[in-house]
Every structure is written in C-alpha cells, then in structure tokens.
Amino acid sequence: MDITRIDKNFSVEPVDENGFLFRDVKLEPFRLEGLAWFQENQQAYYRLPKNFTTAEVNEGALSLSNHTAGVCVRFRSDSPELMIRAKLAYSSDMNHMPRAGSAGFDSYRKAPGGKLLYNFTVQPSPKQVDVLAKCGHNPGGELCDWVIDFPLYGGVEKVEIGLKEGCKVLPPLPHKVKAPILFYGSSITQGGCASRPGNAYTSMLCRKVDAEQINLGFSGSGRGEIAVAKAIAGLDLAVFVYDYDHNAPDPEHLQKTHEPFFRAVRKADPELPVIMMSCCDFRMRGYRSSDELVCRRREIIRRTYQHAVEAGDRKVYFIDGETLFGKEMYDACTVDGCHPNDLGFYRMYKHILPTLKQALKDSRERKKRK
C-alpha cells in the first residue's frame, strides 16, 4: 500500500527545476529539537505548553513562545548542496539586531572525522516572509552531519529542506549528552542580539558539549512564574540554567520568585544540576560594586544558591554575572549597553563552559546511580 495515499504528510514533492527534493523537517528522518512540548502542542512551533494562559504566565512570554530560539533540525546527508524553503510567521526586524540573527537560519556541517563547523547563513530581506535559499554546501558530496538553526526572534509556519535528487537523508547520530540542557531567562537567553542564531551563547555551549538545547528565553518576559518552573520540572534534563534577573521588574519580585522557582524544579528532581546566574551586563549599565540596587539583586540570587548548599545540595552552581564579559574591553561586548553582541556571547560561553562541564559530569554520575 502507498502510505502517501492515506497520509499526505509522508509525500515528497516532485523534484524542482534545479533537481532538489524538498521534505518537511517535522517528518522522519529529520530530528527537530528545542521544542520540549512538541507532541503535546500538536507539533506547533511553540516553546511553552500550549495550555498555558495569562492566568499562569505573562502575555509577553506566551507571545514570544512563537519565536524559535534554540530550535534546530538535525540530519545526515551526502547532498552537495542544501536548500531551505520556509514560510516565516511574521517579520522580526529590530533596530539593534541583525536580521540574519532575528529572522535568519544558519547551518553547521560535520564532515567524517571532523568537527561541527559553521557552513552557511540564510539572510531574509526586510519584511520577507517566503524564503527560498541555499542553506549549505558540501562540495565533496560526503555523508555529513547537518544542523540548521532556526530564527531567534521570529517564528515559522513551515520549514522544508531541499536535497539533491538521489542523495541520502538519514537520521542524525545521537548526542553525546543524552538529555537536553534547558535555559530559562530573558532576551539575552533568547539570543538578543547575536548576528546569527548559532552565535547565541546557549547555542555555542550546546554545540561544544554536543547536547540538545531547550531555550526558554523570553525578551522582557522571563518573570519566574511558578507554572513555568513546574513545567520544566516535568522534563528529563541533563542540566537546568536560569538567569531571569533582567526581567524581574524589581528586587522584590526577584526575591518573591527566585527561590520558589528553584525549589519547584528541585522538588521534582533532587539530583538535577542547576546553574544560577546574575545579569551579564553588571558593569555595562554603569553599575559599580557599591551600587545598592544591582548588588541587592545579585545577592538575592546568591542567597538561593547558598540556602541550597546549606541544606546539603551539591548539584547547584552560582555564576556571578559581573565576571561574564571579562575584565578587558568589556565595554565592547554589547550593542546597547545591555544586549550582548557576538563578542559578548562568546565571552559568556567561555566563562560558563567550565561550570557547565562540571554540571554535566555530575549529571552523568546521577544517571549511573539511577
């Protein structure tokens, strides 16, 4: 029986005039990553559970869940060229972020015996919704591993990958880290203002350790709601990283939400490694170590960490945001005194990586004990 006569989702469109066959990335053998509630959400490109309402989560986070930060598709193919055909859900032009980052796609290729390296960027034009563009090149026609990163500040309705007729498309190899790393936080977590999706610090970290990324960064809208914490607590994760300091409206809000958020996650999994961070632009916003407000916010986060340690928790870590941009030329690390540029994200990656590696070591030991 021809399955495509029953289920049209399995059908492949005819070869186009340039010899490419296009396949929807939601279908096997592609692996779509970064959407923790993909099946529950009826395969929607949506980053939070669809059943959330404004009674539980602020409207900004619900709207920004349509953005595809952290989402990617992985597969293997020997096609000498890759095309992408996508329909963007809406335009996402911003005055301080390259459109290649906010609405573009980028690709990474790993040749046999090599490393996963940047390959190509798709840069939609302003207000462009329908995208048809080259997204990768593999001149040798080797069977390579591919990762295509989705837009950080835009949503998609449909994404298809085009491969040359007759070429293989196979499932990706498993990640070295078996469970995802989840990040929860602000616009900085979401990736503002990286020049392309792969340059967000979360993406850099997950590529380095070879893990799936779940990005729950919400620009201006990471408010530490307990409903989000409980949803996160229901997932099987390798490490949980949270840094919503920037989006707490005031220290009182941060005080009220930060430790309860942690406790909700910790209650579900006493052994899950948890990394807490304070804001990365400590110095860039004109703060000094004597500034009462910023120090108060940082100490609220540090106290959550200290309380956990005092209670015997050995799977919790604290990263002081003041260290993230380094000591030299930290003033070159943002586009506006707040949002990191590529240099800022790279320095965040470098400073967080040792702690993440230790957390992953603890995570592996935890899995062995289970």
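The values are calculated or read from the model by the stated rules, or taken from the named source; none is laboratory data. These numbers were taken from a predicted model, which means no experiment stands behind them. Methodologically, a virtual Cβ is constructed for each residue, glycine included, from the backbone with ideal geometry; neighbour enumeration extends over all protein chains shown.
If you filter region 214-232 down to residues that are surrounded by fewer than 21 Cβ atoms within 10 Å (Cβ to Cβ) and not hydrophobic (A, V, I, L, M, F, W, C), you find that the one that is farthest from P273 (Cα to Cα) is G220.
Looking only at residues in region 300-321 that are within 24 Å of the chain's Cα centre (by Cα) and part of a loop (DSSP other than H, G, I, E, B), the one that is surrounded by the most Cβ atoms within 10 Å (Cβ to Cβ) is K315.
Hey, can you tell me all the residues within region 77-102 that are surrounded by fewer than 17 Cβ atoms within 10 Å (Cβ to Cβ) and either among the aromatic types (F, W, Y) or over 22 Å from T189 (Cβ atoms) (or both)? Correct list: P80, K87, Y90, S91. Every residue in region 195-213 that is buried (at least 24 other Cβ atoms within 10 Å of the Cβ) and polar (S, T, N, Q), please. Once the filter is applied, which keeps residues that are buried (at least 24 other Cβ atoms within 10 Å of the Cβ) and polar (S, T, N, Q), region 195-213 yields N199, T202, S203.
Considering every residue within region 209-216, establish whether at least one is of a type outside the set (K, R), touching a helix residue (DSSP H, G or I) at 6+ places or on another chain (Cβ under 9 Å) and part of a helix (DSSP H, G or I). Checked against the condition, which is being of a type outside the set (K, R), touching a helix residue (DSSP H, G or I) at 6+ places or on another chain (Cβ under 9 Å) and part of a helix (DSSP H, G or I), region 209-216 yields at least one hit.
Selection of region 158-216 for residues being out of contact with any Pro (no Cβ under 8 Å at 6 or more places or on another chain) and β-branched (V, I, T) yields V159, I161, V177, I181, T189, T202, V209.
Conditions (1) touching a helix residue (DSSP H, G or I) at 6+ places or on another chain (Cβ under 8 Å); (2) under 19 Å from A103 (Cα atoms); (3) modelled with pLDDT of 95 or more, marked per residue:
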| position | (1), (2), (3) |
| --- | --- |
| D2 | no, no, no |
| R5 | no, no, no |
| L21 | no, no, yes |
| E28 | no, no, yes |
| W37 | yes, no, yes |
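Do you know which of the residues in region 42-72 that are under 16 Å from A103 (Cα atoms) and of a type in the set (A, V, I, L, M, F, W, C) is surrounded by the fewest Cβ atoms within 10 Å (Cβ to Cβ)? Residue satisfying both the conditions and the ranking: L64. In region 196-218, the condition of being more than 26 Å from Y305 (Cβ to Cβ), in contact (Cβ under 8 Å) with a residue 12 or more places away in the chain, in the same structural domain as H339 (by TED's automatic domain parsing) and small (G, A, S) is met by at least one residue. For region 161-207, a tally of residues being basic (K, R), assigned to a loop (DSSP other than H, G, I, E, B) and under 12 Å from the mean Cα position of the chain (by Cα) returns 0. Only residues that are surrounded by 24 or more Cβ atoms within 10 Å (Cβ to Cβ) and of a type in the set (F, W, Y) were counted across region 154-190, and they come to 1. For region 233-244, the set of residues classified as under 18 Å from the mean Cα position of the chain (by Cα) and either assigned to a loop (DSSP other than H, G, I, E, B) or surrounded by 22 or more Cβ atoms within 10 Å (Cβ to Cβ) (or both) consists of L235, D236, L237, A238, V239, F240, V241, Y242, D243, Y244, listed by residue number.
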